[in-house]
Amino acid sequence: MTTTQFTHDVHIIGGGLAGSEAAWQLANRGIKVRLSEMRGSGEMTPAHQTDGLAELVCSNSFRSDDDTKNAVGLLHHEMRELNSIVMRAGEIARVPAGSAMAVDRDVFSAEVEKALKEHPNVEIVRERVDQLPEAGLTIVATGPLTAQSLAQSIIGTTGQERLAFFDAIAPIVHRDSIDMSKCWIQSRWNKRTEASNEDGDYINCPMTKEQYLAFHKGLIEGEKGEFKEWEKDTPYFDGCMPIEVMAERGVETLRYGPMKGVGLDNPYDTSEEHPQGRWPYAVVQLRQDNKLGTLWNMVGFQTKLKYGAQIDLFRTIPGLENAEFARLGGLHRNTFLNSPEVLDRQLRLKAAPHIRFAGQVTGCEGYVESSAIGLVAGMMTATELAGKEWTPLPATTAMGALLSHITGDADAATFQPMNVNFGLFPPLHEVKKKQRKEAYTSRAKADLAQWIAGTREVEPA
């Protein structure tokens, strides 16, 4: 099939997991797709090894396949229900991994590429796209290593310079795992905005001098992750200095930076002289990270510490001894949009609504999450082409919760890439904590089944 013989309805830029999934969803609905992939045209990213579609760059694991107690496993279930090519190819390429789903990466990539090559509605073109198209329905799924020329075009259109630097990511804690008998809610100097909570905007975890000095030592001595070869020359983003780098500048640096205790009255340390509470020697602050109030990020705690070291050290912080983390800190080169600001609820670029974004470039993290957003982008585009109204996925589903987070529920000021987790779901306060995971998955499955039964978006043309 030549280019002159093929007239496309939708142009997809990027043949990774998200782009491949979006192409599959569209093609199965009778929509002709031009899938542009830079690799194979003589171009290559610093991280990829082959020109195969849907290449798995890092791990070969899709993580947990438990759809009764795990948010990722639930996402697997939902994608299977919606005829995902990623999950279909994953089953063919599956290798033993206990309760997790792992694949032979070469077999997996080959299966995805074979399915798309054989589909009469898909044209795969090996080409680099340097500019966002000015017209025509487009899905951009270029991943976390978007080519510099296209990245500059995105910056020019969105005005959001969130591209091609080290992103230092702060950890996020599940609110119900914080011990509030040791912490309190207050804004510094009691300053609050109109949108503030009743008592303030921050959860404050106080430290004594001894606790602070031990914590500082742990930051200095903790095991750090190594940079990949293609990351080494990318500079830090000035606003995201890792906390251990600040600690190395002096023992007092953090106490005059993100861990300063001034203006915060510890109600657990009162006296006649300080009836409202003394200022702590140092403090760790957490700020609400989503509209539901279920996730709180550790302010200023961007880090390159290895995950195990993070958990061990951060659980020495008063109030976080039993903390459960929705996301741990990280530091890596990443290309992603500030999606809550620049995308609408249907993943369309507000400044150019003929363009949708999908996959990791939207600020989701992980193979399965990236694929899921590609799947949704494909369904949304198909619905638009059919002249129908899109029926939003329930926010109680894994896909709906992740999509809601990316497109508006996350705090745009602190937005960072996120894996799917139960902290993104509307809470079930009436259910006992030990039973919540099963309750979340049960509710999600029922709501997705009802959505499928009541809509036509999921049906092939």
Where the second residue is in a strand (DSSP E or B) and the first is open to solvent by 40 Å² or more (accessible area, probe 1.4 Å) and lies in the range 251-270, which pairs have Cβ atoms under 6 Å and are six or more apart or on separate chains? Arg255/Ala282; Pro267/Trp184; Asp269/Arg278
Please name all residue pairs, on different chains or six or more residues apart, with Cβ atoms under 8 Å, provided the first residue is in the range 206-222 and is within 18 Å of Gly319 (Cβ to Cβ) and touching a residue at least 60 places away in the same chain (Cβ under 8 Å) and the second residue is among the aromatic types (Phe, Trp, Tyr) and in a helix (DSSP H, G or I). Met207/Phe215
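One line per residue, one yes/no per condition, for (1) touching a strand residue (DSSP E or B) at 6+ places or on another chain (Cβ under 9 Å); (2) farther than 19 Å from Leu26 by Cα; (3) open to solvent by 30 Å² or more (accessible area, probe 1.4 Å):
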residue: Asp65; (1), (2), (3): yes, yes, yes
residue: Met87; (1), (2), (3): yes, no, no
residue: Val112; (1), (2), (3): no, no, no
residue: Pro144; (1), (2), (3): yes, yes, yes
residue: Gly156; (1), (2), (3): no, yes, yes
What's the number of the only condition in (1) touching a Leu at 6+ places or on another chain (Cβ under 8 Å); (2) outside any loop (DSSP other than H, G, I, E, B); (3) surrounded by 19 or more Cβ atoms within 10 Å (Cβ to Cβ) that Ala439 fails to meet? (3)
Please determine, by comparing only the residues of the range 130-142 that are buried (at least 19 other Cβ atoms within 10 Å of the Cβ) and in a loop (DSSP other than H, G, I, E, B), which one is modelled with the lowest pLDDT. Thr142
With respect to Lys304, determine if the residue is buried (at least 17 other Cβ atoms within 10 Å of the Cβ), under 23 Å from the mean Cα position of the chain (by Cα) and among the charged types (D, E, K, R). yes
Going through (1) out of contact with any Lys or Arg (no Cβ under 9 Å at 6 or more places or on another chain); (2) in a loop (DSSP other than H, G, I, E, B); (3) β-branched (Val, Ile, Thr) one by one, Ile311 fails only at (2)
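Is there a residue being modelled with pLDDT under 95, among the aliphatic types (A, V, I, L, M), over 18 Å from Glu324 (Cβ atoms) and in a helix (DSSP H, G or I) anywhere in the range 407-418?
Taking the range 407-418 first, the residues modelled with pLDDT under 95 are 408-418.
Imposing the further condition that a residue be among the aliphatic types (A, V, I, L, M) reduces the set to 410, 412-413, 418.
Cutting the leftovers down to over 18 Å from Glu324 (Cβ atoms) gives us 410, 412-413.
Next cut, in a helix (DSSP H, G or I) only: 412-413.
Checking the range 407-418: at least one residue is modelled with pLDDT under 95, among the aliphatic types (A, V, I, L, M), over 18 Å from Glu324 (Cβ atoms) and in a helix (DSSP H, G or I).
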Restricting attention to the range 314-331, report how many residues are out of contact with any His (no Cβ under 9 Å at 6 or more places or on another chain), open to solvent by less than 20 Å² (accessible area, probe 1.4 Å) and not in a loop (DSSP other than H, G, I, E, B). 3
Condition met for Ser181 (among the polar types (S, T, N, Q), farther than 20 Å from Pro280 by Cβ and at pLDDT 95 or above): no
Can you tell me how many residues within the range 88-129 are without any contact (Cβ under 8 Å) to a residue 12 or more places away in the chain and in a helix (DSSP H, G or I)? 3
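The values are calculated or read from the model by the stated rules, or taken from the named source; none is laboratory data. Source: prediction; values computed, not measured. Ideal geometry is used to build each Cβ from the backbone, glycine not excepted, and the neighbour counts take in all protein chains shown. Accessible surface is based on the protein model in full, side chains and every heavy atom, while ligands, DNA and RNA are left aside. Shrake-Rupley method; radii C 1.70, N 1.55, O 1.52, S 1.80 Å.
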